[in-house]
Amino acid sequence: MKSKIFSKNTKAYLEKWGKSVVKQAKINLVAGKKGGGKLQSSIGYKLKDTKDGYLIQFEMEDYGKFQDKGVKGAGGTIKTGKHEGSWGGRRHYITWEGVRKDSPYKFGSGKGKKNGIYKGIEGFIKKKGIKGRSSITGRYITQKSLEFAMVKVLWIKGMHGISFFQKSLQAGLKGFDEKLSKEIVEDMLIAIRIADGKKQK
């Protein structure tokens, strides 16, 4: 049986909680210098009334999960530039439970969108107005050459997750059970009062 009049307080609290988690996730994204784009505006939630009770689903652009949990690199050697050296490609993020974990994603796994990394880098370069220079000659290079160089670094090194959503969820879950229980009890009392009123008629 779906929740109706007897869950007014519970529903209101979950709506408020969902908005709070979304708001904090956006703040965290900006703090991690990843805000101001499609990802930030796409973060939201839906509260669904199912046969088993309320269900909250958070949503965002697909690449948000990579920013949140990072992506492992393939590993290898970068011969020039500030990233020069050998890299293993291991990358991590911090879960909503405060546990450091390796990223579950990896460049070259074949699970992402085709050429997705190139499109992402292209958009980043245009947004930031970045101009690349050769680390050897010091001369400016074309945007395509810059894209290739940046993709190569990411492909080898990977990228750490900034845990923007994990941190938001962690903050939102502090005291969540206690507050939710309070609203559920209030809804139960309302239901009891209504039932008693019907009996007295």
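The values are calculated or read from the model by the stated rules, or taken from the named source; none is laboratory data. This one's a predicted model, so the numbers in the text were calculated from it and none came from an experiment. Counting neighbours? That spans all protein chains shown, and the Cβs are built from the backbone with ideal geometry, glycine included.
Taken over region 140-173, the criterion of being of a type in the set (Lys, Arg) and within 19 Å of residue 63 (Cα to Cα) is satisfied by 152, 157, 167. Taking region 27-80 as the range and being more than 21 Å from residue 122 (Cα to Cα), among the basic types (Lys, Arg) and touching a residue at least 60 places away in the same chain (Cβ under 8 Å) as the test, only 69 passes.
Taking residue 96, is it outside the structural domain of residue 189 (by TED's automatic domain parsing) and either in contact (Cβ under 8 Å) with a residue 24 or more places away in the chain or in contact with a Lys or Arg (Cβ under 8 Å, 6 or more places away or on another chain) (or both)? Yes: the conditions hold for residue 96.
Listed here are the residues, each with its yes/no results for (1) modelled with pLDDT of 90 or more; (2) in contact with an Asp or Glu (Cβ under 7 Å, 6 or more places away or on another chain); (3) at positive phi; (4) assigned to a strand (DSSP E or B).
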| site | (1), (2), (3), (4) |
| --- | --- |
| 7 | no, yes, no, no |
| 17 | yes, no, no, no |
| 25 | yes, no, no, no |
| 29 | yes, no, no, no |
| 48 | yes, no, no, yes |
| 55 | yes, no, no, yes |
| 58 | yes, no, no, yes |
| 65 | yes, no, no, no |
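Taking residues in region 154-167 that are closer than 14 Å to residue 30 by Cα and outside any helix (DSSP H, G or I), and partners anywhere that are at pLDDT 95 or above and β-branched (Val, Ile, Thr), the pairs with Cβ atoms closer than 6 Å and at least 6 places apart or on different chains are 163/94. The sole residue among 68, 102, 62, 52 that is within 18 Å of residue 161 (Cα to Cα) and either surrounded by fewer than 13 Cβ atoms within 10 Å (Cβ to Cβ) or among the β-branched types (Val, Ile, Thr) (or both) is 62. Looking for something in a helix (DSSP H, G or I), surrounded by 14 or more Cβ atoms within 10 Å (Cβ to Cβ) and at pLDDT 95 or above - is there at least one such residue anywhere in region 136-149? No: zero hits. For region 31-46, the set of residues classified as assigned to a helix (DSSP H, G or I) and in contact with a Gly (Cβ under 6 Å, 6 or more places away or on another chain) consists of 39 only.
For region 80-107, filtered to residues that are at pLDDT below 90 and touching a strand residue (DSSP E or B) at 6+ places or on another chain (Cβ under 9 Å), the residue that is nearest to residue 20 (Cα to Cα) is 107.
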